[in-house]
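The next block holds one structure in the form of structure tokens; read it before the comments.
The values are calculated or read from the model by the stated rules, or taken from the named source; none is laboratory data. Given the structure is predicted, the values throughout are model-derived calculations rather than measurements. In this analysis, Cβ positions are derived from the backbone assuming ideal geometry, glycine residues included, and neighbour counts consider all displayed protein chains.
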């Protein structure tokens, strides 16, 4: 089961337009002469899609213990989530020329009202364009989200998470550490409008007790955990982070406080390692479920700094500590359900020189939804598309 979210409307429109054109072109071809034999070329094009549809609808003996969880593969769920996504970047210089040795930057994020569709194949989260501003939004500058992409795959044995973020425009979260309660330029936050972040992450983990434990039940709503159960988790991860600001990483007002951060205009690091963790779902009176998951990772980091003079400095390899937390609670009445889930990832670059980097990534959803039996509609659509 895939969980997929795109917060960039041109991409969504392109995908929707392509799907509509494909549907009506196939429908018109079928209505011209349904008795006409399909051409060899059309058969060639449709063959892999038909194989996939046959695989989905093939009657198989459940691979899981049905006394522990139930599949809802014949249902489509529609839910309305309130979504919050955020990042923190903390840069810390051990030999800074002041008692305050760290800078914490954040983009100016809002709450987003989305629209979520889930079925046996995938979960799509679409942006409705409706946002709820946070307190102090107008004081935190403007963040341009050039691209914000998340993909979560919850398979029967594997869970895989990947994301790509391209943000421009940050504010200094810990401005008060430097200014106290005295605002600078009539604003409580120092702004870095030219600061740009490119971040990519990929992790994949194996679920040992997959026959009794369902991640899908907690995070995609397409299965229901019937009994309390837990599982061990083992996997791998890779992270790439590129932070760029042509004026330097330290604010202009406080350049004299720092050495390396004042002289660095670009910091790039890559890391890879292994994950080890545990997840458990508690089921209370059949309808209420609470899931907690903690996965800890250890890896090797390679960091490169580019100075304002355009000289590149390669740091020695260092250890990385990675933490992934997931929490979900849901009340499920069968046709209707509601709940909350939270995913947090924190990556800490251990200081082997004077510079340490911490990157955290947060995603929260509050949701309410409905399930609809969609099997008959699916079959009618697939027959019209000549796939069934």
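Can you name the number of the only condition in (1) surrounded by 17 or more Cβ atoms within 10 Å (Cβ to Cβ); (2) touching a helix residue (DSSP H, G or I) at 6+ places or on another chain (Cβ under 7 Å) that residue 218 fails?
The one condition residue 218 does not meet is (2).
If you go through the stretch 136-159 one residue at a time, how many are loosely packed, with under 15 Cβ neighbours inside 10 Å and modelled with pLDDT under 80?
1
Okay, residues lined up against (1) surrounded by 14 or more Cβ atoms within 10 Å (Cβ to Cβ); (2) within 28 Å of residue 91 (Cα to Cα):
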site: 333; (1), (2): no, no
site: 336; (1), (2): no, no
site: 345; (1), (2): yes, yes
site: 354; (1), (2): yes, yes
site: 358; (1), (2): yes, yes
site: 366; (1), (2): yes, no
site: 378; (1), (2): yes, no
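Suppose we filter the stretch 118-155 for residues that are outside any strand (DSSP E or B) and over 20 Å from residue 343 (Cβ atoms); how many remain? Don't jump to the end; show me each part of the working.
Taking the stretch 118-155 first, the residues outside any strand (DSSP E or B) are 119-121, 133-143, 155.
With over 20 Å from residue 343 (Cβ atoms) added as a condition, the list becomes 119-121, 133, 135-143.
The qualifying residues number 13.
Report, by residue number, each residue of the stretch 37-70 that is in a helix (DSSP H, G or I) and under 21 Å from residue 210 (Cβ atoms).
Filtering the stretch 37-70 down to residues in a helix (DSSP H, G or I) leaves 40-57.
55, 56 - these are the residues of the stretch 37-70 that are in a helix (DSSP H, G or I) and under 21 Å from residue 210 (Cβ atoms).
Looking only at the stretch 327-351, which residues are in contact (Cβ under 8 Å) with a residue 40 or more places away in the chain, under 23 Å from the mean Cα position of the chain (by Cα) and either over 30 Å from residue 221 (Cβ atoms) or not in a strand (DSSP E or B) (or both)?
349
From the list 354, 324, which one is closer than 24 Å to residue 103 by Cα and under 20 Å from the mean Cα position of the chain (by Cα)? Don't jump to the end; show me each part of the working.
Numbers: 354 fails: under 20 Å from the mean Cα position of the chain (by Cα).
Just a single option satisfies the conditions, and that option is 324.
What number goes with the only condition from (1) surrounded by 16 or more Cβ atoms within 10 Å (Cβ to Cβ); (2) modelled with pLDDT under 90; (3) more than 20 Å from residue 161 (Cβ to Cβ) that residue 320 does not pass?
(3)
For the stretch 249-289, enumerate the residues that are touching a helix residue (DSSP H, G or I) at 6+ places or on another chain (Cβ under 7 Å) and surrounded by fewer than 19 Cβ atoms within 10 Å (Cβ to Cβ).
Passing the criteria: only 255.
Residues of the stretch 292-321 being over 16 Å from residue 240 (Cα atoms) and under 18 Å from the mean Cα position of the chain (by Cα), which ones?
Those that are over 16 Å from residue 240 (Cα atoms) and under 18 Å from the mean Cα position of the chain (by Cα): 292, 293, 294, 295, 296.
Those residues that are buried (at least 22 other Cβ atoms within 10 Å of the Cβ) and under 17 Å from the mean Cα position of the chain (by Cα), I need them from the stretch 221-248; list them, please.
Answer for the stretch 221-248, where residues must be buried (at least 22 other Cβ atoms within 10 Å of the Cβ) and under 17 Å from the mean Cα position of the chain (by Cα): 221, 237, 239, 241.
Let's see how each residue does on (1) modelled with pLDDT of 80 or more; (2) closer than 20 Å to residue 366 by Cα:
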position	(1), (2)
98	no, no
101	yes, no
111	yes, yes
117	yes, yes
123	no, yes
180	no, no
186	no, no
189	yes, no
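Any idea how many residues of the stretch 290-317 are touching a residue at least 60 places away in the same chain (Cβ under 8 Å) and surrounded by 19 or more Cβ atoms within 10 Å (Cβ to Cβ)? Working first, answer last.
Step one: filter the stretch 290-317 for residues touching a residue at least 60 places away in the same chain (Cβ under 8 Å), giving 291, 293, 295, 297, 299, 308.
Narrowing further to those that are surrounded by 19 or more Cβ atoms within 10 Å (Cβ to Cβ): 291, 293, 295, 297, 299.
Number satisfying all stated conditions: 5.
May I ask you to list the residues in the stretch 40-67 that are at pLDDT 80 or above, loosely packed, with under 13 Cβ neighbours inside 10 Å and within 16 Å of residue 385 (Cα to Cα)?
Answer for the stretch 40-67, where residues must be at pLDDT 80 or above, loosely packed, with under 13 Cβ neighbours inside 10 Å and within 16 Å of residue 385 (Cα to Cα): 41, 43, 44, 45, 47, 48, 51.
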